[in-house]
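*Asks:* The structure under discussion is supplied below as C-alpha cells; questions concerning it will follow.
The values are calculated or read from the model by the stated rules, or taken from the named source; none is laboratory data. A quick note: this is a predicted structure, and the numbers were derived from the prediction, not measured. In this analysis, Cβ positions are derived from the backbone assuming ideal geometry, glycine residues included, and neighbour counts consider all displayed protein chains.
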C-alpha cells in the first residue's frame, strides 16, 4: 500500500475542488450519494442498524410473540437480568472463556511464530498446517474435536494406553467441559495469531538485531529489547480480534455441548441469547441479553484498543 | 533459542509442535476413508480397509444432501460476495472521496458494525425479512449477509482507495466520462488487491457461516454445507460415514479457493498488523 | 453507475417477486415454501430420523399417505432435538404445517399455534382427550409408550443375580453386585438431555405418582411444590444412584444412539428406556440376552409409566390447515403406517379396532405383555417428564427438568437445590 504521504500534498486541491462543486449546487452530490453510497448504506441500515434499534426497543418490553399482550416494562428486563442466575453464569463462563482465548493463542502464537520465522520448505509446510483451521468452518472443527474428546475418542484412548485408569470426561464433566471448549477455540485461533506475529517479525529490521548482537546482547535479551517492542501492533490486532471472536462464541457450544452438561455449564452469552429468543420465545428478555452483550463487547474493545494503542505510542 | 543450541533443535521443535497441532486435521481427513464401524471403534488408526464408500454414498444419496447443500452454499456465497464487492467498492469510493463531516460520520457508523455479533440482531432480522417476505429464502440470506458484512468491505476498500491517485479520475472527468464510467473502467481495476482481500475473507466467512443460515434459511430451501453437517450429526443417529465425507467434500471447495488466493489472504490479514 | 441501478432494480424485483409468491400462501405465518403456481397443494411435515425411523421409513409412508389424501408433502428433517428445532422454526415464522411427536406442547399452543381436533375427528382414537390442553386435543393421541428397565441377562448371571429385582432394595443390591464385578450397572445418555432423566422418571413413578397420580395437577394449581417430601424422596434415590457410581457421569457425553450402542454392546447391565427401544433390541444380535422389568418400588408393588399421545399436530395458522388436518388424520389411521411404526419403533397404536401385526420380536412381545399386564391391573401411572398438556409440566419446564437431572448426576445440585431451582424456574415461567 502506498503511504499517506503521497496523498497529502494534494489536500489543498481537493478542498478547492469541493468548493468548486458546491457552487454547482447540491444535486450532483445527492446524486453521487444515491448512486454510490446509498445501496450499501440502505442494506446496512435495514439489516444492522434497524435490528439493533428494534432489539433495544424490545428489551424494554415483555415481548413474547406467542404470549400477547406486549407491554412496556421499562428497565425491568435489565433488573431481572442482574438477578438471573442463568445470565450471570453465562457472563462468568464467557469471561473465563474469553480470558483463556485471549491469552493462550497470543502466547503460543508468538512462540510458534518465533519458531517458524525461518525460510525453507519445512517451515512453509508447517505454516500451512497452522493456517488451515482458519478456513475451516467452526462446525467442522467442533465435530472433529467432539470425536476427539468423546470417552471412546483418541484422547482418552491414548490416556488409557498410558495407564490412566479413569481419564476425564472432557465434554461430560461440567467442571471440565468449559476448558475443553476453550482448548478447541485456542486451537482454531492459534493460526491467526501465528500469521500476524510472523508478519510482525518480518518487519523487524535486520540491522537492529545485528547491532544488538554486536553490543553483546544474547538472543533472549535481543528478543525483549528489539523484537518485542516492534510486535506491539501485532499484539493489538491479535488481542482485539481474539476478544471479539471469543466473546461471541456460539457455534462450538451449539455443536459440542448444547450449553451442558446440566444447566448452563457451557452456555455462553451468545448461546443463552439465542436460546432465550428462539427456544424460550422470550424475545423481550433475549433482546436485553443481546444489548448487554453488545455493550460489554463494545466496552472491552474500546478499553483494550485504548490500552494497547497507548503502549504502541509509548515505544 | 540460544545461540549454543544445536542446529537441528529448531526444525525438530517446529516439527514436533506442528505434528501435535496437526492431529485434529488428521482425524478429520483420515476418517473420511474408513468404514463407519471403524470410525466408531478406532477414530485415529489408519483406514483398514481403505474405502471410498463414504464418499460415493454421499454423492449418490437419493435426497441429494451433498449436491443440494453445495449448490446452496455456492449460490449464497457467490451472490453475497458479488453484491458485497460491488456495493462496498462503490460505497468505499464514495466515502473516500467525500471528506465531509457527513462522510466521516457515516464511516464511523459503518465501523461500529464490524464488532456487532450476529446473535444480537438475528431475532429482529427475522422480523425485517418476514416483513419483506424473504424469510426462509436464499435472497433473504444474501441480503442479510450483504448488510452484515458491508462494513468490512468498505473498511478494506476505503483504506486502499487512498493509494489510488485522484489525478486519473479528474483527467477522465475532463474528457467527459461519467462518474460510473470513471469508477468501473479506471478506479475499480486498480483496486484489485483490495478486491482479492474482500473476496477471500468474505468468501471463507460466508461459506463457513452457521447460525445465520440455520435460522434465516430454515428448512424450506434445504441446507448449506455447514447446516447439512449439523443435521447429519443429529442426536438420534450419528451417521459417521456421512458426517466425515460431507465435512471433507464441503471443505474442499473453500480450501481450493483459499490455496488459490492464499497470498492475498495472508497479505490482507497482515496489512493492518504491520502498519498498526 | 448504470450497473448499480440495474442491480438495485434486480434486487428490488427479486424481493418483490418472492414477496408475492410467499405472501400468496403464508397468510398466517406458516411458510409453506414454494409450491409452484399449478395449484397443487403442498404441506410441510417436520419429522426426525433415528436408527428405527430411517429416511426410507418416512419417505415410504409419506408417499403412500399423501397419495391417498391427494397432497404434496415436503419432508423437513429436524437437526438436533426436534422440539427445540420446532420452537426455533416457530420463532422465526417458519413453523411447518404438520409436526410429529412434539414435546412441551404448551410452548407451542401459547398464542394459538396448534389446531384443535374436534370430537368427530377423533372418533377412531381410543383416548381422544389424552394429553389435551384445557380439554382441547392439539396433538393426535395416536399411540402409547411405556417406560421400563431393559437388562442383560448374561451380565446379571455374571454378577450372580438369578432374577430381575422385584423391590428397590433388590435393585440396589443387584447394582452393588454388578459394580463389584466391574460391570457398569446403568447405561444412560446425555444428548438429548432426557436420556439422563430416565432413572428419575423411575423413582418418581414408584415414590410420587404411584401414591398420587394427580401430583402434577396439584403442582399446576400451586398446592404442592417440587420442594416437597415426596418429590425430594424420589429425587434423593436418584441422586444416590449417581453418588454410588451406579450411573456413570461420563454417559452425559453420550448421544442417544451412542448410549443405545453401549447397552447393546454389553457395556452396562441395565438400560432404563422407553418401549421404542424394543425395536432396536429385536434387531440386534443381543436380543435373546435382553430382558425387561418395571422400575421396582420399595414394597414391590407394580407400577408402569405410560403415555398416550405423541402423534401429529397441525399448525393452526397454516394456509392449508384443513388439508393438513386431513393428512394428519389419514396418517395416524393408516393401517400400513401403524404396522410399520409398531415394527420399526415399537409404538402401540391407540386406535380403535387396531390389532398389532403378528411379529416374532421377543423383546417387543415382552414389552407389550408388560403393558397389557399393567392395564389389566390398573397399574399404569403418568410418565414423569413425558406427560403432555394438562397432565404435564408448564411450557419450557420439561427441558429444565431434564437438565436438572444432569446437574444431580454430576453433583452440581443436591436434591434440595434441584427442587428449589425447579420451583423458581416454574414460577418464572408461569
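*Asks:* Mind checking which pairs have a first residue in region C:208-220 that is assigned by TED's automatic domain parsing to the domain that holds residue C:298 and a second that is assigned to a loop (DSSP other than H, G, I, E, B), Cβ under 6 Å, 6 or more apart or different chains?
*Replies:* C:210/C:303; C:218/C:224
*Asks:* Right, something else. Go through region C:130-141 residue by residue and tally those that are at pLDDT below 90 and either within 16 Å of residue C:325 (Cα to Cα) or in contact with a strand residue (DSSP E or B) (Cβ under 6 Å, 6 or more places away or on another chain) (or both).
*Replies:* Residues meeting the conditions: 2.
*Asks:* Quick check on region A:130-142. Is at least one of its residues touching a helix residue (DSSP H, G or I) at 6+ places or on another chain (Cβ under 6 Å), within 11 Å of chain B (Cβ to nearest Cβ) and over 27 Å from residue B:262 (Cβ atoms)?
*Replies:* So far as region A:130-142 goes, no, none of its residues is touching a helix residue (DSSP H, G or I) at 6+ places or on another chain (Cβ under 6 Å), within 11 Å of chain B (Cβ to nearest Cβ) and over 27 Å from residue B:262 (Cβ atoms).
*Asks:* Going through region B:209-244 one residue at a time, which ones are over 18 Å from residue A:254 (Cα atoms) and assigned to a helix (DSSP H, G or I)?
*Replies:* Result: B:240, B:241, B:242, B:244.
*Asks:* Sticking with this structure for a sec: Since residue A:84 meets every condition but one in (1) away from every other protein chain (no Cβ under 11 Å); (2) surrounded by fewer than 20 Cβ atoms within 10 Å (Cβ to Cβ), which condition does it not meet?
*Replies:* Every condition holds for residue A:84 apart from (1).
*Asks:* Also: Given the residues C:176, C:163, which is the only one that is touching a helix residue (DSSP H, G or I) at 6+ places or on another chain (Cβ under 9 Å) and surrounded by fewer than 22 Cβ atoms within 10 Å (Cβ to Cβ)? Explain how you work it out, then say what you get.
*Replies:* On the way: C:176 fails: touching a helix residue (DSSP H, G or I) at 6+ places or on another chain (Cβ under 9 Å).
Exactly one residue qualifies, and that residue is C:163.
*Asks:* Would you confirm, using the coordinates I've provided, whether residue A:314 is under 30 Å from residue C:95 (Cα atoms), out of contact with any helix residue (DSSP H, G or I) (no Cβ under 7 Å at 6 or more places or on another chain) and modelled with pLDDT under 90?
*Replies:* Details: under 30 Å from residue C:95 (Cα atoms): no; out of contact with any helix residue (DSSP H, G or I) (no Cβ under 7 Å at 6 or more places or on another chain): yes; modelled with pLDDT under 90: yes.
Judged against the criteria, residue A:314 is not a match.
*Asks:* Sticking with this one: Of all the helices (runs of 4 or more DSSP H) wholly in region B:121-208, which have at least 2 residues that are more than 10 Å from chain C (Cβ to nearest Cβ) and without any contact (Cβ under 8 Å) to a residue 24 or more places away in the chain? Please lay out each step first, then the result.
*Replies:* Working: elements: B:138-161, B:166-174, B:192-208.
Helices (runs of 4 or more DSSP H) meeting the threshold: B:166-174.
*Asks:* Let me ask something additional. Among the helices (runs of 4 or more DSSP H) lying completely within region A:129-234, list those that include at least 1 residues that are under 28 Å from residue A:307 (Cα atoms) and in contact with a strand residue (DSSP E or B) (Cβ under 7 Å, 6 or more places away or on another chain). Write out each step before concluding.
*Replies:* Details: elements: A:138-149, A:154-161, A:177-202, A:206-214, A:219-222.
Fully inside region A:129-234 and qualifying: nothing.
*Asks:* To continue, here is another question. Given the conditions (1) within 14 Å of chain A (Cβ to nearest Cβ); (2) touching a helix residue (DSSP H, G or I) at 6+ places or on another chain (Cβ under 9 Å); (3) surrounded by fewer than 16 Cβ atoms within 10 Å (Cβ to Cβ), and given that residue C:182 satisfies all but one, which numbered condition is not satisfied?
*Replies:* Against the list (1) within 14 Å of chain A (Cβ to nearest Cβ); (2) touching a helix residue (DSSP H, G or I) at 6+ places or on another chain (Cβ under 9 Å); (3) surrounded by fewer than 16 Cβ atoms within 10 Å (Cβ to Cβ), residue C:182 comes up short only on (2).
*Asks:* Suppose we keep only residues that are facing chain A (nearest Cβ under 7 Å) and part of a helix (DSSP H, G or I) within region B:107-120. Which one would you say is surrounded by the fewest Cβ atoms within 10 Å (Cβ to Cβ)?
*Replies:* Residues of region B:107-120 facing chain A (nearest Cβ under 7 Å): B:110, B:113, B:115-117, B:119-120.
Then keep just the ones that are part of a helix (DSSP H, G or I); that gives B:110, B:113, B:115, B:119-120.
Values: B:110: 25, B:113: 21, B:115: 18, B:119: 26, B:120: 27.
Step by step, filter region B:107-120, then rank; the result is B:115.
*Asks:* Here are some residues: A:294, A:272, A:305. Which one is assigned to a helix (DSSP H, G or I), under 27 Å from residue C:253 (Cβ atoms) and in contact (Cβ under 8 Å) with a residue 24 or more places away in the chain? Reasoning before the result, please.
*Replies:* On the way: A:294 fails: under 27 Å from residue C:253 (Cβ atoms); A:305 fails: under 27 Å from residue C:253 (Cβ atoms).
It is A:272.
*Asks:* Taking the condition of being loosely packed, with under 15 Cβ neighbours inside 10 Å and assigned to a loop (DSSP other than H, G, I, E, B), how many residues in region B:1-56 meet it?
*Replies:* The qualifying residues number 14.
*Asks:* Going by what's in this entry, would residue A:125 be described as without any contact (Cβ under 8 Å) to a residue 24 or more places away in the chain, touching a helix residue (DSSP H, G or I) at 6+ places or on another chain (Cβ under 9 Å) and part of a helix (DSSP H, G or I)?
*Replies:* On the way: without any contact (Cβ under 8 Å) to a residue 24 or more places away in the chain: yes; touching a helix residue (DSSP H, G or I) at 6+ places or on another chain (Cβ under 9 Å): yes; part of a helix (DSSP H, G or I): yes.
Considered against the rule, which asks whether it is without any contact (Cβ under 8 Å) to a residue 24 or more places away in the chain, touching a helix residue (DSSP H, G or I) at 6+ places or on another chain (Cβ under 9 Å) and part of a helix (DSSP H, G or I), residue A:125 comes out as yes.
*Asks:* I've got another one for you. Looking at B:241, B:218, can you tell me which residue is over 16 Å from the mean Cα position of the chain (by Cα) and more than 8 Å from every other protein chain (Cβ to nearest Cβ)?
*Replies:* Working: B:218 fails: more than 8 Å from every other protein chain (Cβ to nearest Cβ).
So the residue among B:241, B:218 that is over 16 Å from the mean Cα position of the chain (by Cα) and more than 8 Å from every other protein chain (Cβ to nearest Cβ) is B:241.
*Asks:* Let me ask you something else. Here is a list: C:339, C:423, C:334, C:360. Which entry is more than 14 Å from chain A (Cβ to nearest Cβ) and modelled with pLDDT of 90 or more? It would help to see each step written out before you state the result.
*Replies:* Values: C:339 fails: modelled with pLDDT of 90 or more; C:423 fails: more than 14 Å from chain A (Cβ to nearest Cβ); C:360 fails: modelled with pLDDT of 90 or more.
Just one listed residue meets the conditions, C:334.
*Asks:* Quick check on this structure: which one of A:41, A:50 is more than 30 Å from residue B:264 (Cβ to Cβ), buried (at least 16 other Cβ atoms within 10 Å of the Cβ), within 11 Å of chain B (Cβ to nearest Cβ) and modelled with pLDDT of 90 or more?
*Replies:* A:50
*Asks:* Got a sec? Which of C:255, C:275 is surrounded by 22 or more Cβ atoms within 10 Å (Cβ to Cβ), touching a strand residue (DSSP E or B) at 6+ places or on another chain (Cβ under 8 Å) and assigned by TED's automatic domain parsing to the domain that holds residue C:420? Show your work before the answer.
*Replies:* Numbers: C:255 fails: surrounded by 22 or more Cβ atoms within 10 Å (Cβ to Cβ).
None of the other options fit; the residue is C:275.
*Asks:* Also: Only one of C:347, C:403, C:370 is within 14 Å of chain A (Cβ to nearest Cβ), in contact (Cβ under 8 Å) with a residue 24 or more places away in the chain and buried (at least 18 other Cβ atoms within 10 Å of the Cβ); which? Lay out the reasoning, then the answer.
*Replies:* Working: C:347 fails: within 14 Å of chain A (Cβ to nearest Cβ); C:370 fails: within 14 Å of chain A (Cβ to nearest Cβ).
Going through C:347, C:403, C:370 in turn, just one is within 14 Å of chain A (Cβ to nearest Cβ), in contact (Cβ under 8 Å) with a residue 24 or more places away in the chain and buried (at least 18 other Cβ atoms within 10 Å of the Cβ): C:403.
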